[in-house]
Amino acid sequence: MLTCEAGLDIEASLGLINIEGRHLSVEKQVAIAMRRLAFWGFTMGASFAVGQSTVSQVTWRYIEPLEDRARHHIKWPDQDRLEEIKLKFRELYGLPNCFGAIDSTHVVMTLPAVQNSDVWCDESNNWSMLLQGTVDHEMRFIDIVTGWPGAMMVSRLLKCSGFYKLCGSGERLNQHLKVDEVEIREYIVGSQYKLLPWLITPYESQNFSETLSKFMAAHEAVKLLAVQAFSHLKGNWRILSKVMWRPDKRKLPSIILACCLVHNIMIDRGDKLHSDIVWPGRHDLGYEEHYCGHVSSSNQILPFPSQWLSQKRD
C-alpha cells in the first residue's frame, strides 16, 4: 500500500498518544498525515480521536522521512528513460525530440501582519508561494522548483532556477535530432515564458497555415499535460488548493515537495489519476495565464522540420 510504504520510517515509538492514552501505530500515523495533506484542516483529527497538536506533529514526522528517503521519485531521467519519454511524445503528439511541459501554480496562504510584504503579494492580491514543475508524458514531475514568493513572474522564477542554468549551459536538454535536414535540440513546451533554444512557446498570430495549425494543436495538448498534472496534484492533496493559515514559510516548501513526491509515487506504482478528483478548471483559479511573445525572427530557434517554419512569428 502506498501510504504504508511511504511511511515506513515513522517509528512506532514516537511517544505520540491519542486522547485515550494509547500509542498510535505507524499505520495510523501515516493515515493521519495523508488525510491532512489530502483534506487540510486540523478538525479531521477528531475522526482519529486525536487533537490538533497531534495531527501537526504526526504530519511533520511523516514529511521529514518522506523528503529524505523518497526524493528519488523526482529526478532527472537517465539516458534510456529520456529516450523513452521523447519517443512517447513523438508517437502521441507528433513532436520530435520533445521532452516535457512546464507550468507554475500558486499555493495561497495568509500571513501575520508583520510578515505582509509586497514580495509575497501576487497579481491577484493573494499571499502565495510559487511552484514550478516540469512533467513528462505521464504527468510525472521530473523537476520542481518552489519556495519563491508569489509576486515573482513565472518567467522570472524559471530564470532563477537551477533547471534554467542547467539547460542554458547545455548540461540538460542538449541532445540533437536531425529531421528533414534540420537539427532539432531537445526541448520542453510552455506558454508563459520567452522563446528559448530549449523551450518552445506558442505562436500568437491567428493566421496559421494548416501545418502550423497542427503544430499549435500538438503544442497545446502537450502544454496541457503540465496543467493537468497540477490539477491532479491540487485535487488529490488539497492542502495545496486551500488557503493555508499562517504557514511557516521555511517549512511550506517541504509540504509542497511531499505532495509532489506522493503524486509521483502514485504514478510509479501504476495508480490511476482519477479525473473525478481533479481540481475543477485551471489549477490556478483567479490567475490569468500570461504569454511571452513578439520574438523577432532573428531570435527564432525553432525545433521543428523546415516545412513547419513557413510562417514567421511577429
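The values are calculated or read from the model by the stated rules, or taken from the named source; none is laboratory data. Nothing here was measured: the structure is a model prediction, and the numbers come from that model. Quick reminder, even Gly has a Cβ in these numbers, built from the backbone with ideal geometry, and neighbours come from all protein chains shown.
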What are the pairs with Cβ atoms under 9 angstrom where one residue, in the stretch 102-123, is over 30 Å from Arg140 (Cα atoms) and modelled with pLDDT of 80 or more and the other, located anywhere, is of a type in the set (Ser, Thr, Tyr) and not in a strand (DSSP E or B)? Sequence gap at least six, or different chains.
Leu111/Ser117
Which of (1) of a type in the set (A, V, I, L, M); (2) assigned to a strand (DSSP E or B); (3) touching a Phe, Trp or Tyr at 6+ places or on another chain (Cβ under 7 Å); (4) touching a residue at least 40 places away in the same chain (Cβ under 8 Å) does Leu157 not meet, given it meets every other one?
(2)
Looking at the stretch 38-59, which of the residues that are part of a helix (DSSP H, G or I) and either in contact (Cβ under 8 Å) with a residue 40 or more places away in the chain or touching a Cys at 6+ places or on another chain (Cβ under 8 Å) (or both) is farthest from Val26 (Cα to Cα)?
Phe39
I'd like to verify a number: residues in the stretch 161-193 that are touching a helix residue (DSSP H, G or I) at 6+ places or on another chain (Cβ under 6 Å) and not in a strand (DSSP E or B), how many?
7
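Hey, any hits in the stretch 99-106 for a residue that's more than 20 Å from Gln132 (Cα to Cα) and hydrophobic (A, V, I, L, M, F, W, C)? It would help to see each step written out before you state the result.
If we filter the stretch 99-106 for residues that are more than 20 Å from Gln132 (Cα to Cα), which is where we start, we get none.
No, there is no match, as no residue in the stretch 99-106 is more than 20 Å from Gln132 (Cα to Cα) and hydrophobic (A, V, I, L, M, F, W, C).
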Looking at the stretch 105-113, can you tell me whether even one residue there is assigned to a helix (DSSP H, G or I), assigned by TED's automatic domain parsing to the domain that holds Leu173 and over 30 Å from Asp180 (Cβ atoms)?
yes
Count of residues meeting criterion [over 30 Å from Arg246 (Cβ atoms) and of a type in the set (Gly, Ala, Ser)] in the stretch 128-182:
3
Within the set of pairs 6+ apart or on separate chains, which have a first residue in the stretch 62-83 that is of a type in the set (Lys, Arg), a second that is modelled with pLDDT of 95 or more and outside any loop (DSSP other than H, G, I, E, B), and C-beta atoms under 8 Å apart?
Arg71/Leu261; Lys75/Ile142
Considering the stretch 122-158 alone, what residues qualify as being crowded, with 16+ Cβ neighbours inside 10 Å, charged (D, E, K, R) and under 23 Å from Asn97 (Cβ atoms)?
Asp136, Arg140, Asp143
Does at least one position in the stretch 201-209 carry a residue that is in contact (Cβ under 8 Å) with a residue 60 or more places away in the chain, among the aromatic types (Phe, Trp, Tyr) and under 19 Å from Ile102 (Cα atoms)?
yes
Is the stretch 144-151 home to any residue that is at pLDDT 95 or above, on the phi > 0 side of the Ramachandran plot and assigned by TED's automatic domain parsing to the domain that holds His219?
yes
Check on Phe215, out of contact with any Gly (no Cβ under 8 Å at 6 or more places or on another chain), of a type in the set (Phe, Trp, Tyr) and at pLDDT below 95:
yes
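Tell me, please, whether a residue that is in a loop (DSSP other than H, G, I, E, B), more than 18 Å from the chain's Cα centre (by Cα), surrounded by 15 or more Cβ atoms within 10 Å (Cβ to Cβ) and not assigned by TED's automatic domain parsing to the domain that holds Trp40 can be found in the stretch 245-264. Don't jump to the end; show me each part of the working.
First pass over the stretch 245-264, keeping only residues in a loop (DSSP other than H, G, I, E, B): 246-251.
This time we only want the ones that are more than 18 Å from the chain's Cα centre (by Cα), so: 246-250.
Checking the rest, the ones that are also surrounded by 15 or more Cβ atoms within 10 Å (Cβ to Cβ) come to 247, 249.
Subsequent filtering for residues that are not assigned by TED's automatic domain parsing to the domain that holds Trp40 retains 247, 249.
Yes, some residue in the stretch 245-264 is in a loop (DSSP other than H, G, I, E, B), more than 18 Å from the chain's Cα centre (by Cα), surrounded by 15 or more Cβ atoms within 10 Å (Cβ to Cβ) and not assigned by TED's automatic domain parsing to the domain that holds Trp40.
Take the conditions modelled with pLDDT of 95 or more and either more than 25 Å from Ser191 (Cβ to Cβ) or in contact with a strand residue (DSSP E or B) (Cβ under 9 Å, 6 or more places away or on another chain) (or both) and apply them to Gln79. Does it pass?
Working: modelled with pLDDT of 95 or more: yes; either more than 25 Å from Ser191 (Cβ to Cβ) or in contact with a strand residue (DSSP E or B) (Cβ under 9 Å, 6 or more places away or on another chain) (or both): yes.
Taking the combined requirement at face value, the residue satisfies it.
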